[in-house]
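Structure below; questions to follow.
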Amino acid sequence: MRRILLTGATVLLATVVAACSSSGSSTPSGTSTTGSTAGSTSSPTSGNSAPSGTLTISNEQGTLWNCSFNPFNPSNLGEGITMGQVYEPLAFVDTLQNAKTSPWLATSWTWGNGNKTLTFAIRQNVKFSDGTPMTAADVAYTFNLLKKVPALDVNSVWSVLTSVTQSGNNVVFTFKAPSVPYFYYIADQIPIVPEHIWSKISNPVTYADSNPVGTGAYVVKPCSAQNITYVANPDYWQPGLPKIAKVLYPAFTSNDPANTYLATGQAQWGSQFIPNIQAFYTSKSADNHYWFAPIANVSLIPNLTVPGLNDVLVRQAIAYAIDRNKVANIGEYGEEPGANQSDIATPTFSAWLDSTGAAKYNYGYNPTKAKSLLAQAGYQLGSDGIYAKNGQKLAFSVINIGGYSDWVASMSVIQQELKAVGIQLTADNLASNDFFSKLYSGSFQFAYYAETGGPTPYYEFRQWLYSANSAPIGKNASSNWERYSNPATDKLLDNYAVTTDSATQHQIVNQLQAVVLSDVPFIPITEEVAWFQYNTSQFTGWPSQSDPYALPAAYAYPDMGQVLLHLSPK
């Protein structure tokens, strides 16, 4: 399943639109090292041999391909199937390495004027796949196109920018106010498109871009409803790359056939949840492997306007009542670890975890503590086994996505855990469209979902906690679906946005963890992972826990392009 990284694209979009410097952040501190190759921990291995071999991806998309590759239109998956391998960004921000940032189409960048200007030096001698040189003019054009046509500005960069101008080989971004978190969106998330093509398009919003022309290592040849074929760009600017000649991306409308395609060796790269993966996949071949890197958290989300759930003692009781590891082991087959109430996905962001703060509350599984808190809040246990106060029972419904079988199974465990401490939870498993409609509008008591996160924990905290991301019940909230509001928390998030100092950022994130521990605006249950299965019989260079040079899921962008540049046929 594609899950949060791509299915959450609309969530990401809405979050950014709602807040001035919303939930993405890089932590740049000055100027990068100029580099000739785009890479991260391990650089792609270049050489003079011709590309060879065919790599096949197995990833359930839920739909057939429409062969629309417009990278500014997430609703048709164009961004996820072009960004990185066909179109390229200015830099690469590695989510798995504390926002480690590497050159791509820019060779260096510098913050100035109190973090209100950001200047990129654009790489020279790069060509688009049609042979036209890519220059700083194309970069400036790309961003000004987003200003001219706001519907293309899916990351809402123009909510914080005043201008983007070319100055020789540099492009200068001027901000309305210090907006350091927006580095991630500007540098990593926006594809650079050719001015000589896009300037002639009458309606870039509806433009299909069926023959995308980018600077990337691959071009699309051909595409059908059943399959996308990427072939190596013979004029790619990184010498000797890519190493793989062809990439096939079949369309799968459901999970089972995608899993079977992978398990039978017809595909080498998978990106979905596979129940009992050891029996179904790794036992089939010694070359079959998987690695699930935690990137965010799947949470039980209380609607803070609902009586009972607006009581912090009740929310704290719920946090103590749930055995997160049990949920992970049963609902997720142990493939996603149990989360912590600090909302820090580990080990990815272990360096950010405030262990001292977490120890103060010690949110381990403790049903006795949960019952004590409910009694402290004035609730009494009824003859039906449910706590109540003034005739109001602690009985709630929870919306969930019915198509996510593991989440449905996880919710069943959560229901049992809460029933054991006197809280009744009734599951409402919905189709995705119905789920998101209720989630955004606040038409729920509990919901089960995750934020998108980003290269540091700040992103997820801002998505959950920033009051500008909320909305009155009945109006759509971009994130902060629980409707949490605290001016002091908003101030912490705003302070993070103006600094590039790592120590200050860590201090602020510690304070944000304290907010989640004390106020419990949501309850993290399991860690959301980047689903990744791979076969090593034909290709080497896969990302791994020891070399996490990119998010390994095929639905992650622009990371997919990084992975393809690192892979080599055996």
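Conditions (1) among the hydroxyl-bearing types (Ser, Thr, Tyr); (2) part of a helix (DSSP H, G or I); (3) in contact with a Leu (Cβ under 8 Å, 6 or more places away or on another chain); (4) closer than 22 Å to residue 341 by Cβ, marked per residue:
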site: 407; (1), (2), (3), (4): no, yes, no, yes
site: 414; (1), (2), (3), (4): no, yes, yes, yes
site: 425; (1), (2), (3), (4): no, no, yes, yes
site: 428; (1), (2), (3), (4): no, no, no, no
site: 437; (1), (2), (3), (4): yes, yes, no, no
site: 482; (1), (2), (3), (4): no, no, yes, yes
site: 493; (1), (2), (3), (4): no, yes, yes, yes
site: 505; (1), (2), (3), (4): no, yes, no, yes
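If you don't mind, there's one more thing I want to ask. So in the range 103-134, with the set limited to residues that are part of a loop (DSSP other than H, G, I, E, B), in contact with a strand residue (DSSP E or B) (Cβ under 9 Å, 6 or more places away or on another chain) and charged (D, E, K, R), which one is nearest to residue 161 (Cα to Cα)?
Applying the filter and picking the extreme gives 116.
Residues that are among the small types (Gly, Ala, Ser) and buried (at least 23 other Cβ atoms within 10 Å of the Cβ): does the range 512-532 have at least one? Write out each step before concluding.
First, the residues of the range 512-532 that are among the small types (Gly, Ala, Ser): 514, 518, 530.
Checking which are buried (at least 23 other Cβ atoms within 10 Å of the Cβ) leaves us with 530.
Yes, there is a match, as at least one residue in the range 512-532 is among the small types (Gly, Ala, Ser) and buried (at least 23 other Cβ atoms within 10 Å of the Cβ).
When you go through 222, 234, 212 one by one, which is the residue that is part of a loop (DSSP other than H, G, I, E, B) and free of Cβ contacts under 8 Å to residues at least 24 places away in the same chain? Spell out the reasoning first.
On the way: 222 fails: part of a loop (DSSP other than H, G, I, E, B); 212 fails: free of Cβ contacts under 8 Å to residues at least 24 places away in the same chain.
On inspection, the qualifying residue turns out to be 234.
Taking the range 444-473, which residues are within 29 Å of residue 410 (Cβ to Cβ) and assigned to a loop (DSSP other than H, G, I, E, B)?
444, 445, 451, 452, 453, 454, 455, 456, 466, 470, 471, 473, listed by residue number.
Tell me, yes or no, whether the range 298-305 has at least one residue that is surrounded by fewer than 16 Cβ atoms within 10 Å (Cβ to Cβ) and either out of contact with any His (no Cβ under 9 Å at 6 or more places or on another chain) or under 30 Å from residue 100 (Cβ atoms) (or both). Even if it seems obvious, please write down each step before you answer.
Initially, the range 298-305 is screened for residues surrounded by fewer than 16 Cβ atoms within 10 Å (Cβ to Cβ), giving 305.
So of that shortlist, the ones also either out of contact with any His (no Cβ under 9 Å at 6 or more places or on another chain) or under 30 Å from residue 100 (Cβ atoms) (or both) come out as 305.
Within the range 298-305, one or more residues are surrounded by fewer than 16 Cβ atoms within 10 Å (Cβ to Cβ) and either out of contact with any His (no Cβ under 9 Å at 6 or more places or on another chain) or under 30 Å from residue 100 (Cβ atoms) (or both).
Which of the following residues is on the phi < 0 side of the Ramachandran plot and touching a Phe, Trp or Tyr at 6+ places or on another chain (Cβ under 6 Å): 149, 157, 180?
Matching residue, one of 149, 157, 180: 157.
Find the residue count for the range 157-181, including only residues that are within 30 Å of residue 67 (Cα to Cα) and either touching a Ser or Thr at 6+ places or on another chain (Cβ under 7 Å) or at pLDDT 95 or above (or both).
Count: 0.
Please report, ordered by residue number, the helices (runs of 4 or more DSSP H) entirely within the range 279-397 with at least 3 residues that are more than 30 Å from residue 504 (Cβ to Cβ).
312-321, 324-331, 367-376
Sticking with this one: Is it the case that the range 107-126 has a residue that's at pLDDT below 95 and of a type in the set (Val, Ile, Thr)?
For the range 107-126, residues at pLDDT below 95 and of a type in the set (Val, Ile, Thr): absent.
Still on this model: Has the range 312-329 got any residue that is in contact (Cβ under 8 Å) with a residue 24 or more places away in the chain, assigned by TED's automatic domain parsing to the domain that holds residue 420 and within 19 Å of the chain's Cα centre (by Cα)?
Checked the range 312-329: no residue is in contact (Cβ under 8 Å) with a residue 24 or more places away in the chain, assigned by TED's automatic domain parsing to the domain that holds residue 420 and within 19 Å of the chain's Cα centre (by Cα).
The values are calculated or read from the model by the stated rules, or taken from the named source; none is laboratory data. Remember, predicted model here, so these are calculated numbers, not experimental data. We place every Cβ from the backbone using ideal geometry, glycine too, and count neighbours over all the protein chains shown.
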